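Below you'll find the structure, written out as structure tokens, and then a few comments.
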Amino acid sequence: MSSIAVIPGDGIGTEVIEAARTVLDAACARHGVTLSYTEFDWSCQRYEQEGAMMPADGIETLRGFDAILLGAVGWPGVPDHVSLWGLLIPIRRAFRQYVNLRPIRVFEGVQSPLRVADDVDFVVVRENNEGEYSEVGGRVNRGFPDELAVQESIFTRVGVSRIADYAFELAKARRGYVTSATKSNGIVHTLPFWDEVVAERAALHPDVRFDSEHIDALAAKFVLQPRRFDVVVGSNLFGDILSDLAAAVAGSIGIAPSGNLNPEKEFPSMFEPVHGSAPDIAGQGIANPVGAVWSAAMMLEHLGHGAAAADILRAMETTLAKPETRTRDLGGTATTTEATQALVAALG
């Protein structure tokens, strides 16, 4: 039995997590998999009531779980840096979730904004613990004309090596092709270092085709040549931006999943949809549950239940192909509940 910490969070997070659990339970029942859930109310609502997104011992509380399933955090009135640095980022770093894995697919029935986007199937591997999102820096002379803000990027040989190695190993199980995102022609210290270390790791994987692209050109090629890519590896910032762009190419950020992975399984990994808390549609029953459901399938895969995860993916393919079982953001007519029930029915 695997123990799952559930953090529904804010906005539509509570709705899509309920849907994901319903689909998880159906898939697990079919495959004889047992999951135990413990739910936590850590959220912006908790912050407004108690002054913290999670309790002081929150990390220690989570440490004993096998995985974490997160809905979304963020709400008007609570600054994003408060909600993220009060919950999501501390979890990623305390548990060495250094891989942020974001698969991208154009499913039948989902209309990409691009004219030619069939057969798009690639993965963005984002470095998740260092890079541009470091805590090093500060502000001085606040409120004066000469106010100054400094933010340092941190790239370590260990950090770049392990994310590159993960990308190359993943490519071996896919189409054998890795693209590295860089900007070493303009950022003169950290990105040349990134290039050097990634190239060193590439040399250890001669069976994987490898190239490097500047981030601006790569963003354009995501739009112009999306079928070209297999595994794309990037720093924290570049991976973050590219994966959201890729989700838009695939037709909707509402179906995009993510896994924050500690590949060695020394600590729990965390799985969450990319779409955020969407306060504008919260409580209306129209949120797309697929991003959370796909994230839950990734969690099952990580926990060693590949057959159950594959069944969920097949159910997604079935329901996304029909307008009556797609939600409105995908041109369908289904409510959150109807889309969830269709997924369960497709699981048999």
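Whether a residue is in contact with a Pro (Cβ under 7 Å, 6 or more places away or on another chain), at pLDDT 95 or above, among the aliphatic types (A, V, I, L, M) and open to solvent by less than 10 Å² (accessible area, probe 1.4 Å) was assessed, and A292 passes this test. Here region 207-260 is the region considered, the condition is being free of Cβ contacts under 8 Å to residues at least 12 places away in the same chain and part of a helix (DSSP H, G or I), and the residue that is most open to solvent (accessible area, probe 1.4 Å) is L224.
Between K221, K265, which is at pLDDT 95 or above and at positive phi? Can you show your working first?
Numbers: K221 fails: at positive phi.
One residue alone meets the criteria, K265.
Could you grab me the full set of residues in region 1-27 that are open to solvent by less than 60 Å² (accessible area, probe 1.4 Å) and closer than 13 Å to A315 by Cβ?
The first filter runs over region 1-27 and keeps only residues open to solvent by less than 60 Å² (accessible area, probe 1.4 Å), leaving 2-13, 15-17, 19-20, 23-24, 26-27.
Listed by number, the residues that qualify are A19, A20, V23, L24, A26, A27.
Of the set (1) hydrophobic (A, V, I, L, M, F, W, C); (2) part of a helix (DSSP H, G or I); (3) open to solvent by 30 Å² or more (accessible area, probe 1.4 Å); (4) over 17 Å from V274 (Cβ atoms), all apply to L114 but (2). A282 falls short of the stated requirement of being among the small types (G, A, S) and either within 17 Å of S252 (Cβ to Cβ) or in a helix (DSSP H, G or I) (or both).
Taking the numbered list (1) modelled with pLDDT of 95 or more; (2) under 19 Å from the mean Cα position of the chain (by Cα) in turn, C28 passes all entries but (2). Give V125, V150 a once-over and let me know the one that is assigned to a strand (DSSP E or B) and in contact with a Leu (Cβ under 7 Å, 6 or more places away or on another chain). Result of the check over V125, V150: V125. Screening the candidates E135, E130, E39 for the property of being among the acidic types (D, E), open to solvent by less than 30 Å² (accessible area, probe 1.4 Å) and over 14 Å from the mean Cα position of the chain (by Cα) yields one hit, E130. Using the structure shown, decide if E196 is over 23 Å from G331 (Cα atoms) and either of a type in the set (F, W, Y) or in contact (Cβ under 8 Å) with a residue 24 or more places away in the chain (or both). No, not satisfied.
Give A164, A173, A181 a once-over and let me know the one that is more than 19 Å from E132 (Cα to Cα), of a type in the set (G, A, S) and either open to solvent by 50 Å² or more (accessible area, probe 1.4 Å) or at pLDDT 95 or above (or both). Full working, then the answer.
On the way: A164 fails: more than 19 Å from E132 (Cα to Cα); A181 fails: more than 19 Å from E132 (Cα to Cα).
From the options A164, A173, A181, the qualifying one is A173.
For the condition loosely packed, with under 11 Cβ neighbours inside 10 Å, among the β-branched types (V, I, T), without any contact (Cβ under 8 Å) to a residue 40 or more places away in the chain and in contact with a Ser or Thr (Cβ under 9 Å, 6 or more places away or on another chain), V150 does not qualify.
The values are calculated or read from the model by the stated rules, or taken from the named source; none is laboratory data. Given the structure is predicted, the values throughout are model-derived calculations rather than measurements. Note: ideal-geometry Cβ built from the backbone for every residue, glycine included; neighbour counts use all protein chains shown. Each accessible area value is taken on the protein alone, full model and side chains, heavy atoms only, with ligands, DNA and RNA left out. Shrake-Rupley method; radii C 1.70, N 1.55, O 1.52, S 1.80 Å.
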